[in-house]
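My questions will all concern the structure given below.
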Amino acid sequence: MKKIIYIAGLGHSGSTVLDMALGAHPEIVGLGEIYAVLNHKDHLNLFEKSTCSCGKKGNDCDFWKEAKDIATSNELNEEKYLKLIDLFDRLYNNNLILVDSSKNSYPYLKMLNAKFDLRILYLSRDFRSWSYSRSSRTRKPLVYLILRWFLENKKLLYVLKKYKLNYFKVGYEELAHFPELILKKVSTYTGIEFHDSMLSPANTKSHIISGNIARVDNSKKTKFYYDMKWMVSGRLNFVSGFFSCFSKFNNKLIYTNIIKGEKKAFGKKSADFHIFGNKRKEDLINEHN
């Protein structure tokens, strides 16, 4: 059964860089936000003007120039999606894994789970970082964005539970600061062997034509970066203080590997965090002192 990795979560949570990192694996090719491409209002503009992560315009991209007729057809999305996968297998290799980073565009998740070996990565970003970033760009109120972060994540969790879909939590903060550790965990969950090439998203073979502009920003593709400006925002610190009730939910989504005693996806209690935990210090003291 063909394996598909689906990156779920809110937009602007790091899915593009995760897609590119996965696409650097020799057995994986990402296609970015497939749902957004299939539902684009102006396909002509998309394929003529948008630059793919491969560096070519959509009309010249090795994958999307072949998929253009499928994306622009009047068929139902499920039918277009299945044809897209057939094309993917013909162009590459029937054994290669496809990555779809459509995030919270999940109308076809149930179908994917029924027909394929679906591995869902639930990617989320600290509500303070996410709301600050979105407010800086859109000028929308922080209070509105914090509430939106909470409600949309709750909705996504409800959908995953409703469809009885398994998933692995990936916190963007953990991924950005400890990419090797998190990508090794992702590799275990998805059933692939970890490769060092994944640590540099610039190595990607992914064809992302719709998504964050970081897909073509060479200065940000060489390694994982983290924007910490939210940490020194007095306005955010003041507002987020009124939402301390979200902290527990935030921690469970984002910092699973740091919080001592948090259950891992494989059902066992996690050890202390690999760098800062007491267990690591005690083991080194017993061995070297």
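Between LEU76 and THR138, take the C-beta separation as r, use R0 = 45 Å, and let me know the FRET efficiency to the nearest 0.05.
Efficiency, rounded to the nearest 0.05: 0.90.
How big is D, in µm² s⁻¹, for segment 1-110 by Stokes-Einstein at 4 °C and 1.567 mPa s if Rh is the Kirkwood radius over C-alpha pairs?
91
Could you check the simple spin-label distance between LYS223 and HIS177, using points 7 Å along Cα→Cβ, in nm with one decimal?
Inter-label distance under the simple model: 1.6 nm.
Also, I was wondering about something else. If you plug each phi of segment 189-206 into the Karplus form 6.51 cos²θ - 1.76 cosθ + 1.60 with θ = phi - 60°, what whole-Hz ³J(HN,Hα) values come out, in order, with x for Gly and Pro?
5, 7, x, 10, 8, 5, 10, 4, 4, 5, 6, 10, x, 5, 7, 4, 9, 5
Then there is this: Is there a quick way to get the dipole size of the chain? I mean about its Cα centre, with the Cβ of Lys and Arg at +1 and of Asp and Glu at -1; what is the value in debye to the nearest 20?
Here the chain has a charge dipole of around 1160 debye.
So for each of 209-220, 93-104, 188-199 I average, over its residues, the number of other beta carbons within 10 Å; can you give me the resulting order with the highest mean first? Provide the component values of the computation, followed by the final result.
Details: 209-220: 17.8, 93-104: 20.1, 188-199: 16.1.
The peptides rank, most packed first, as 93-104, 209-220, 188-199.
At 222 nm, what helix-only mean residue ellipticity would the chain give, in deg cm²/dmol to the nearest 500, using -39500 (n - 2.57) for each DSSP H run of four or more?
So the helix-based figure for the chain works out to -13000 deg cm²/dmol.
Rounded to the nearest angstrom and ordered from largest down, what semi-axes does the equivalent ellipsoid of the chain get from its C-alpha gyration tensor (root of 5λ)?
Whole-Å semi-axes of the equivalent ellipsoid: 32, 23, 19.
While we're on this one: Toward the positive end of the charge dipole of segment 3-243, about the Cα centre and with charges on Cβ (Lys, Arg +1; Asp, Glu -1), which of ALA214, MET198, LEU82 goes farthest?
Selected residue: ALA214.
Same structure, new question: Tell me the relative contact order for segment 1-133 as a rounded percent, counting alpha carbon contacts under 8 Å between residues six or more apart.
Relative contact order, segment 1-133: 50 percent.
Using each residue's phi in segment 44-52, evaluate 6.51 cos²θ - 1.76 cosθ + 1.60 at θ = phi - 60° and report the 3J(HN,Hα) Karplus result to the nearest Hz, with x for Gly and Pro.
Those phi angles translate into 4, 5, 4, 6, 7, 10, 6, 8, 6 Hz.
Right, next: Relative to the present Cα-Cα distance, how much length would full extension add between ASN45 and LYS2 at 0.36 nm per residue of separation?
My answer for the length gained is 12.3 nm.
Consider a paramagnetic label point 7 Å from the Cα of MET231 along Cα→Cβ; state which residues of segment 112-131 have an amide N under 16 Å from it.
126-130
Now for a different question. Please compare each pair in LYS68/LYS223; LYS154/LYS221; LYS103/LYS162; LYS169/LYS248 to a cut-off of 23 Å on the Cα-Cα distance and tell me which ones are over it.
In this structure, LYS68/LYS223; LYS154/LYS221 lie more than 23 Å apart at Cα.
Once amide H atoms are built 1.01 Å from N in the peptide plane, which residues 5 or more positions from LEU118, or in another chain, come under 5 Å H to H?
Under 5 Å from the amide H of LEU118: ILE4.
Pull up the cross-link candidates among the aspartates and glutamates for LYS252, meaning alpha carbon to alpha carbon under 18 Å and not fewer than 8 places away within one chain.
Output for LYS252: ASP126, GLU152, GLU173, GLU174, GLU262, ASP272.
Hey, another quick one. Residue by residue through segment 10-20, which ³J(HN,Hα) values in whole Hz follow from phi under the Karplus form 6.51 cos²θ - 1.76 cosθ + 1.60 (θ = phi - 60°), with glycine and proline marked x?
For segment 10-20, the Karplus curve yields 7, x, 6, 10, x, 5, 5, 5, 5, 4, 5 Hz.
Every read-out reported here was derived from the displayed coordinates using simple, explicitly stated rules and does not represent laboratory data. Nothing here was measured: the structure is a model prediction, and the numbers come from that model. Cβ: placed from backbone, ideal geometry, glycine included. Neighbour counts: every protein chain shown.
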